[in-house]
Each structure stands twice: as structure tokens, then as C-alpha cells.
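K.L.:
This structure is in C-alpha cells; I'll ask about it shortly.
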Amino acid sequence: KERGAALTVRKELDASGKPVLRTVKKGVQDFSFGRILGEGSYSSVYLATDRQSLKEYAIKVLEKRHIIKEKKVKYVNIEKNTLNRLTEHPGIVRLYYTFQDENSLYYVLDLCSGGELLGILKRTGTFDVECTRFYGAQILDAIRYMHSRGVIHRDLKPENVLLDDNMHVKITDFGTAKLLPDPKDPDSGGGNATMQGDGRSASFVGTAEYVSPELLMDKSASKASDLWAFGCIIYQLLAGRPPFKGGSEYLTFQKIVNLEYEFPPGFPPAARDLVERCLVLEPARRLTIEHIMNHEFFDSQPFGRDLWRTKAPRLRPYV
Ligand SMILES: C[C@@H](Nc1nc2c(c3cc(-c4cn[nH]c4)ccc13)C(=O)N=C/C2=C\CC1CC1)C(C)(C)C
């Protein structure tokens with residue numbers, strides 16, 4: 001059953017002409033679709049306005065035929081289960097409800113009108129320490145919530161960190177997440193439960209520049225894999241480029257497993273120490289979330305509710 005399926009009430013006349021109230025789920029007709037906001041490998045996200053409330057949403061549209069042909073049913077299930085599990089955090093894009101027609105599935109989601117963090121970073125080049133601390137803390141707070149709900153994102157990167165109209169973080173794109181068995185809902189685990197998936201548990205590898213060494217060395221992802229990606233993101237906000245970037249994916253992977261990266265001159269020392277303790281080849285030796293939150297780089301940075309109430313800092317480049 002769809003969680004919180006939105007219902008509209010329509011007054012209709014029944015056979016004998018008696019007025020009857022019929023609750024119907026919202027559908028495509030209830031929205032006016034605007035421009036494409038982003039395109040994934042098998043979905044497009046549109047700007048859409050609810051004709052009745054005039055509220056703006058993002059609607060992710062997935063074409064059923066394409067999903068089945070490309071054997072992506074498993075990922076669609078994982079994304080929906082993940083979004084339905086991550087409902088109580090300001091830093092995670094929220095799924096309000098879903099509906100479908102004969103060709104497509106529709107997810108009605110938070111509109112993140114600030115777009116991708118990567119887009120902002122490209123415009124400013126780098127972030128200064130104050131901005132890096134604010135956005136780093138919001139990303140970390142969202143990761144902490146995800147992990148507490150048994151979700152490993154596995155593909156964290158600046159393209160998947162969106163910004164809402166207050167320029168606050170919204171993590172998105174959970175099609176490649178790994179769901180640990182939910183203590184409250186044991187059979188929702190593993191992400192291997194598929195509707196009619198292909199049965200193979202393909203071990204997913206994230207985006208080259210942010211993928212952790214254990215995923216390349218053919219071990220399974222763990223929560224520590226998201227913290228490796230976090231270290232890459234902090235480095236990139238201050239340096240203006242990711243730590244591991246080769247001329248090809250293969251060369252990037254080689255740099256990762258050999259831990260081949262260096263800091264540009266002037267890189268802030270506290271941030272350097274934090275990044276060095278996240279970009280550790282052995283997952284068990286990487287800083288945990290609690291350690292990162294207590295690291296001197298995040299000194300005097302509130303986490304939790306206050307973090308999401310503070311005004312986003314003006315974006316200034318790190319010069
Ligand atoms: C990463 C994702 N891109 C995007 N996904 C979402 C956006 C979004 C918005 C802009 C944007 C807004 N203004 N200007 C640009 C640019 C890219 C977006 C949004 O507002 N709400 C929910 C989204 C995704 C929800 C998803 C979990 C189901 C890809 C590229 C995969 C389509």
C-alpha cells in the first residue's frame with residue numbers, strides 16, 4: 001500500500017443521480033509539468049505544479065518498459081523502499097507519494113530549487129572554510145540519519161547533494177543504496193528482495209572519483225564507504241576538484257587503491273587532517289561519523305536541529 005497516498009475528493013453523481021464523494025488518488029492530470037530538472041540513467045525529474053494547491057514539486061518519471069528491458073526493476077524497488085524508510089530528516093529529499101499510468105511510474109518529491117551542489121561549486125570554483133564546514137556538517141548529519149535507518153548510499157557525490165530554496169542540503173538518488181535489514185521490518189532488508197529482478201546481486205560500483213577502495217578490491221560496501229566519499233567531497237569543496245582524478249576511469253581507480261593524491265598548497269590544516277583520516281584504505285581504520293563530528297574541523301559547528309535552522313552562509317570561494 002502506498003504510504004500516505006494523496007487523495008483528492010471528487011463530487012460525482014452515482015447511477016441514480018445521487019451526489020457521491022469519491023476519493024481518488026492524484027494522477028498526472030492533477031499536475032502541470034514544467035521543465036526537466038535532471039536526467040538519470042533511466043528516469044527524468046520534472047518541475048511540476050499541483051493544479052489544486054499550486055505547490056511546486058519535483059516529479060521523477062520512470063518508463064516501465066525501459067526499466068524492465070534494462071533489468072532495473074531491482075533498483076526501482078530499492079529506491080522506493082529507501083525513500084519510504086528515510087522520511088524524517090530535513091537533509092534527505094522526501095517522497096510524498098507515487099502513482100502510475102499505463103506507461104510510467106511517477107514519484108512526487110521535494111523540489112530542490114537550488115539545484116546540485118556541484119553546479120554551485122563549479123560557479124564559485126571552491127568553497128571557503130565556513131561554507132565547507134556548514135555544507136559538510138549538513139551532509140554528515142544526513143549520512144548519520146541514513147546509517148541510523150540502515151541505509152548505505154554508496155554513490156555520494158556533489159551531483160547527488162541538492163539544495164533547497166534555503167540553500168540547505170537535500171541528499172538524493174537512492175537507486176544504488178544498500179538497505180541493511182530494518183530491525184523494525186526484518187523482511188525489508190538487503191535490497192535483494194526484488195519484484196521480478198534478474199536475481200543476480202550485481203555488486204554495484206559508484207561513480208569513479210568517489211568510489212571507495214574496498215568496492216574496487218571486491219569487498220562489499222559498508223557504512224565506511226559513505227565516509228570515504230564524504231572525505232572526497234570535503235577535499236573537493238576546498239580544492240575545487242576531487243582528490244582522485246585520472247585521465248580514465250581505470251587510472252582514477254589506480255590512484256584510489258594506491259592512495260595517490262596530494263593537497264594543494266594552502267589547504268587548511270584542520271581540513272587536511274580530517275580528509276587524511278577519512279581517506280584511509282582500510283575501512284575499519286577510517287574515522288566513524290561520531291569521530292568526524294568531534295573533529296576540530298567541525299569545532300563550534302552545531303549538529304542536529306540547530307544546524308537545519310541556521311541560515312546558509314553566503315557562498316565565498318576559498319582563495
Ligand atoms: C540527481 C538527480 N537530479 C535531480 N534530482 C532531483 C531534483 C533535482 C533538481 C534540480 C534542479 C532544481 N532547480 N534547478 C535544478 C536538478 C537536479 C535534480 C529535485 O528537485 N528533487 C528530487 C530529485 C531527485 C529525487 C530522486 C530520489 C528520487 C538526477 C540527475 C538523478 C535526476
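K.L.:
Would you point out the residue of region 242-258, among those that are open to solvent by 60 Å² or more (accessible area, probe 1.4 Å) and in a loop (DSSP other than H, G, I, E, B), that is farthest from Leu117 (Cα to Cα)?
P.N.:
Taking the candidates together, the pick is Asn258.
K.L.:
Ok, one more. Does Leu37 satisfy the condition of being within 14 Å of Asp173 (Cβ to Cβ) and either among the aliphatic types (A, V, I, L, M) or modelled with pLDDT of 95 or more (or both)?
P.N.:
It is true that Leu37 is within 14 Å of Asp173 (Cβ to Cβ) and either among the aliphatic types (A, V, I, L, M) or modelled with pLDDT of 95 or more (or both).
K.L.:
Could you tell me which residue of region 62-77 is surrounded by the fewest Cβ atoms within 10 Å (Cβ to Cβ), considering only residues that are more than 13 Å from the ligand (Cβ to nearest atom) and of a type in the set (Val, Ile, Thr)?
P.N.:
Ranking the qualifying residues of region 62-77, first place goes to Ile68.
K.L.:
Residue by residue through region 137-152, note down the ones that are open to solvent by less than 20 Å² (accessible area, probe 1.4 Å) and farther than 12 Å from Gly91 by Cβ.
P.N.:
Correct list: His147, Gly150, Val151, Ile152.
K.L.:
Identify all residues within region 32-61 that are more than 8 Å from the ligand (Cβ to nearest atom), assigned to a strand (DSSP E or B) and without any contact (Cβ under 8 Å) to a residue 40 or more places away in the chain; write none if there are none.
P.N.:
Of everything in region 32-61, those that are more than 8 Å from the ligand (Cβ to nearest atom), assigned to a strand (DSSP E or B) and without any contact (Cβ under 8 Å) to a residue 40 or more places away in the chain turn out to be Ser32, Phe33, Gly34, Arg35, Ile36, Tyr46, Thr49, Asp50.
K.L.:
Please tell me if Leu156 is assigned to a loop (DSSP other than H, G, I, E, B) and open to solvent by less than 10 Å² (accessible area, probe 1.4 Å).
P.N.:
Considered against the rule, which asks whether it is assigned to a loop (DSSP other than H, G, I, E, B) and open to solvent by less than 10 Å² (accessible area, probe 1.4 Å), Leu156 comes out as yes.
K.L.:
Of all residues in region 289-316, how many are under 22 Å from the mean Cα position of the chain (by Cα), charged (D, E, K, R) and in a loop (DSSP other than H, G, I, E, B)?
P.N.:
Adding up the residues that qualify gives 1.
K.L.:
Check Val61, Val93 and return the single one that is of a type outside the set (Asp, Glu) and out of contact with any Phe, Trp or Tyr (no Cβ under 7 Å at 6 or more places or on another chain).
P.N.:
Testing whether each residue is of a type outside the set (Asp, Glu) and out of contact with any Phe, Trp or Tyr (no Cβ under 7 Å at 6 or more places or on another chain) leaves just Val93.
K.L.:
Of everything in region 160-181 that's out of contact with any Ser or Thr (no Cβ under 6 Å at 6 or more places or on another chain) and within 8 Å of the ligand (Cβ to nearest atom), which residue is most open to solvent (accessible area, probe 1.4 Å)?
P.N.:
Asp173
K.L.:
Hey, another quick one. Looking only at region 261-319, which residues are among the polar types (S, T, N, Q) and crowded, with 17+ Cβ neighbours inside 10 Å?
P.N.:
Gln301
K.L.:
Residues in region 205-226 that are buried (at least 21 other Cβ atoms within 10 Å of the Cβ), outside any helix (DSSP H, G or I) and among the small types (Gly, Ala, Ser): how many?
P.N.:
The qualifying residues number 3.
K.L.:
I want to confirm something. Restricting to region 205-220 and keeping residues that are more than 16 Å from the chain's Cα centre (by Cα) and under 15 Å from Thr176 (Cα atoms), which single residue is modelled with the lowest pLDDT?
P.N.:
Ser220
K.L.:
Would it be correct to say that Leu238 is open to solvent by 40 Å² or more (accessible area, probe 1.4 Å) and modelled with pLDDT of 95 or more?
P.N.:
Answer is no for this residue.
K.L.:
Hey, does region 86-104 have a residue that's of a type in the set (D, E, K, R) and either under 30 Å from Ala270 (Cβ atoms) or open to solvent by less than 20 Å² (accessible area, probe 1.4 Å) (or both)?
P.N.:
no
K.L.:
All but one of (1) at pLDDT 90 or above; (2) open to solvent by less than 80 Å² (accessible area, probe 1.4 Å) hold for Lys25; which doesn't?
P.N.:
Just one mismatch for Lys25, condition (1).
K.L.:
What tally of residues in region 78-128 results from selecting those that are away from the ligand (no atom under 11 Å from the Cβ), closer than 23 Å to Ile233 by Cα and not in a helix (DSSP H, G or I)?
P.N.:
Adding up the residues that qualify gives 7.
The values are calculated or read from the model by the stated rules, or taken from the named source; none is laboratory data. The model shown is predicted, which means the values in this text are computed figures rather than measured ones. Note that we place each Cβ from the backbone using ideal geometry, even for glycine, and neighbour counts take in every protein chain shown. Note: areas computed on protein heavy atoms with side chains; ligands, DNA, RNA excluded. Shrake-Rupley method; radii C 1.70, N 1.55, O 1.52, S 1.80 Å.
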